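Notes follow once the structure below has been shown.
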Amino acid sequence: RYDPTWGSLDARPLPAWFDEAKFGVFIHWGVFSVPSFGSEWFWWYWQKEKREPYVKFMETNYPPGFSYEGFGPLFTAEFFDADQWADILKASGAKYVVLTSKHHEGFTLWGSKYSWNWNAVDVGPKRDLVAELATSVRNRTDLHFGLYHSLFEWFNPLFLEDATNAFKTRKFPTSKSLPELYEIVTKYQPEIIWSDGDGNAPDTYWNSTGFLAWLYNDSPVRDTVVTNDRWGAGSICAHGGFYTCSDRYNPGRLLPHKWENCMTIDRGSWGYRRDARLRDYLAIEDLVKQLVETVSCGGNLLMNIGPTHDGRIAVVFEERLRQVGAWLKVNGEAIYGTKPWRAQNDTVTPAVWYTSSPKEGRVNAIFLNWPVSGILELGEPQAKLGETQVKLSGYKDLLKWVALGEKGMVIALPQLTPQQLPCQWGWTLQLTDVN
């Protein structure tokens, strides 16, 4: 059993499924999807920081005295079809999904009894959105279902009172945040609890270690659940399950602890933005590059989309997810279930990243640029004459190669037209019997 101390909790081995999964989809959905302007931090930027674009947007489009709570009934979700979402998630090749059950605005996507009249069952859709997605994901896919939950809430009077008391009082976590966490775990049995938003309060204020000890010892998901590292000021990149360290974290080198790169397809926001331009969305080439770099360095990629207030996954997000899925259909063996190799990227040719498949005795070299010469030089692998074999994923014949001295090899790629290529945006060489 685990004690409610970081020493004990941090010693818990991460359930193996998470490292094998490699790729998940993050979904930021909430009342912020109604104004869908600027950022999911809309309420804070408008009311607290009074940023000019947000103030102007409200003055131009809404009557005087309109409050953020007025967006609640407009969060309608009439086009939300959980089965359709599940099918898109499956097509993306992702192995897990994380839904924002509650963001910093405090609105819960389930009918929480601790969020009276500020939840999706009482207001807006009048539906339990968490339950609907959980059911569809479990019925239609093999994805692991996870939930994001914000510890703090920007404008909750109880939180503000505790903050004024320098967190010596604990009214908010005991009456709101912690009861919600126990509620979602018991009710939906998520296999990921993705915590966020510590409000500059320490983990002792949140009683994070007490909750995690229950989660790992006695909860219905104690054997399979994974958690992140956002459990109070100072815990990020230091305590918890896998490390996130910061948003869009991509160190480009191997880390000693399991980590995750959570990032957004829309460079500017996690929630849906009606004011986004095409150039704001990462191209599929960028997304494949992020995935390959992240996995090579031992991380998982959590790629975020923001649905609309009426429950649609915008076509641009759906296209990107399906493109990643198409790429993984060909190259998935170099991603899922792999381990980092002794070298993460190549020393001679840029934009070549390695993973290893120890069970198959294989090294995977993923190259993001097809060389004009048709010859690819690799500086890292040590090939063995008469033993090493080189295969291009999605192509039937073995490739010819020659060794370069002690270390390195030159590989002749097949001469293919663009239509004959096994995929676009990046290709995998499977090397067997290399040192």
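The values are calculated or read from the model by the stated rules, or taken from the named source; none is laboratory data. Since we're looking at a predicted model, the values are computed, not measured. Glycine also receives a Cβ, built like all others from the backbone with ideal geometry; neighbour counts cover every protein chain displayed. Quick note on the areas: whole protein, heavy atoms, side chains included, nothing else; ligands and nucleic acids left out. Shrake-Rupley method; radii C 1.70, N 1.55, O 1.52, S 1.80 Å.
A compact table of results
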{"quantity": "Index of the failed condition, Trp327 passing every other in (1) of a type in the set (Phe, Trp, Tyr); (2) assigned to a strand (DSSP E or B); (3) assigned by the TED database to the domain that holds Asn250", "calculated": "(2)"}
{"quantity": "Residue that is nearest to Leu378 (Cα to Cα) [pool: residues in the range 397-409 that are surrounded by fewer than 15 Cβ atoms within 10 Å (Cβ to Cβ) and at pLDDT 95 or above]", "calculated": "Val402"}
{"quantity": "Test: residue in the range 276-295 that is of a type in the set (S, T, N, Q) and assigned to a strand (DSSP E or B)", "calculated": "no"}
{"quantity": "Filtered residue count, the range 266-306, keeping only those that are farther than 20 Å from Thr244 by Cβ, surrounded by 17 or more Cβ atoms within 10 Å (Cβ to Cβ) and either among the basic types (Lys, Arg) or touching a residue at least 60 places away in the same chain (Cβ under 8 Å) (or both)", "calculated": "4"}
{"quantity": "Matching residues in the range 56-78 - criterion: being surrounded by fewer than 12 Cβ atoms within 10 Å (Cβ to Cβ) and either touching a Phe, Trp or Tyr at 6+ places or on another chain (Cβ under 6 Å) or not β-branched (Val, Ile, Thr) (or both)", "calculated": "Lys56, Glu59, Asn61, Pro63, Pro64, Gly65, Ser67, Glu78"}
{"quantity": "Only listed residue being at pLDDT 95 or above, in contact with a Lys or Arg (Cβ under 8 Å, 6 or more places away or on another chain) and assigned to a loop (DSSP other than H, G, I, E, B), chosen from Gly241, Gly199, Gly232, Gly268", "calculated": "Gly241"}
{"quantity": "Qualifying residues in the range 1-18 (those that are assigned to a loop (DSSP other than H, G, I, E, B) and in contact with a strand residue (DSSP E or B) (Cβ under 8 Å, 6 or more places away or on another chain)) - the one least open to solvent (accessible area, probe 1.4 Å)", "calculated": "Pro15"}
{"quantity": "Search result, residues across the range 148-180 that are in a helix (DSSP H, G or I) and within 19 Å of Pro15 (Cβ to Cβ)", "calculated": "none"}
{"quantity": "The lone exception for Ala166 - which of (1) free of Cβ contacts under 8 Å to residues at least 12 places away in the same chain; (2) surrounded by 15 or more Cβ atoms within 10 Å (Cβ to Cβ) it fails", "calculated": "(2)"}
{"quantity": "Residue check, Trp43 part of a loop (DSSP other than H, G, I, E, B) and open to solvent by less than 30 Å² (accessible area, probe 1.4 Å)", "calculated": "no"}
{"quantity": "Filter result (open to solvent by less than 10 Å² (accessible area, probe 1.4 Å) and on the phi < 0 side of the Ramachandran plot) within the range 106-135", "calculated": "Phe107, Thr108, Leu109, Trp110, Ser112, Ser115, Asn119, Ala120, Leu129, Val130, Leu133, Ala134"}
{"quantity": "Looking only at the range 169-211, and only at residues there that are in contact (Cβ under 8 Å) with a residue 60 or more places away in the chain and hydrophobic (A, V, I, L, M, F, W, C), the one that is nearest to Ile27 (Cα to Cα)", "calculated": "Trp194"}
{"quantity": "The lone exception for Asp87 - which of (1) within 20 Å of Leu301 (Cα to Cα); (2) open to solvent by less than 50 Å² (accessible area, probe 1.4 Å); (3) part of a helix (DSSP H, G or I) it fails", "calculated": "(2)"}
{"quantity": "Cβ-Cβ under 8 Å pairs, at least 6 apart or on other chains, the range 75-104 side in contact (Cβ under 8 Å) with a residue 12 or more places away in the chain and of a type in the set (Phe, Trp, Tyr), far side part of a helix (DSSP H, G or I) and surrounded by fewer than 23 Cβ atoms within 10 Å (Cβ to Cβ)", "calculated": "Phe80/Glu132; Trp85/Ser136; Tyr96/Ala21"}
{"quantity": "Candidates Glu406, Glu387, Glu380 - the one that is under 21 Å from Leu254 (Cα atoms) and in a loop (DSSP other than H, G, I, E, B)", "calculated": "Glu380"}
{"quantity": "Residue match in the range 340-363 (condition: touching a residue at least 60 places away in the same chain (Cβ under 8 Å), open to solvent by less than 10 Å² (accessible area, probe 1.4 Å), in contact with a strand residue (DSSP E or B) (Cβ under 6 Å, 6 or more places away or on another chain) and part of a helix (DSSP H, G or I))", "calculated": "no"}
{"quantity": "The range 1-39 - residue that is under 21 Å from the mean Cα position of the chain (by Cα) and without any contact (Cβ under 8 Å) to a residue 40 or more places away in the chain and, of those, nearest to Gly306 (Cα to Cα)", "calculated": "Ala16"}
{"quantity": "Evaluation of Val137 against (1) within 25 Å of the chain's Cα centre (by Cα); (2) not in a helix (DSSP H, G or I) (one fails), failing number", "calculated": "(2)"}
{"quantity": "Every residue from the range 43-81 that is among the small types (Gly, Ala, Ser) and under 16 Å from Ser33 (Cβ atoms)", "calculated": "Gly70, Gly72, Ala77"}
{"quantity": "Residue within the range 19-39 that is in a helix (DSSP H, G or I), open to solvent by 80 Å² or more (accessible area, probe 1.4 Å) and modelled with pLDDT of 95 or more present", "calculated": "yes"}
{"quantity": "Subset of the range 296-317 (residues that are under 27 Å from Phe80 (Cβ atoms) and in a loop (DSSP other than H, G, I, E, B))", "calculated": "Gly306, Pro307, Thr308, His309, Asp310, Gly311, Arg312, Ile313, Ala314"}
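Every residue, every condition in (1) closer than 24 Å to Val352 by Cβ; (2) not aliphatic (A, V, I, L, M), yes or no:
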| residue | (1), (2) |
| --- | --- |
| Cys262 | no, yes |
| Val288 | yes, no |
| Leu301 | yes, no |
| Tyr336 | yes, yes |
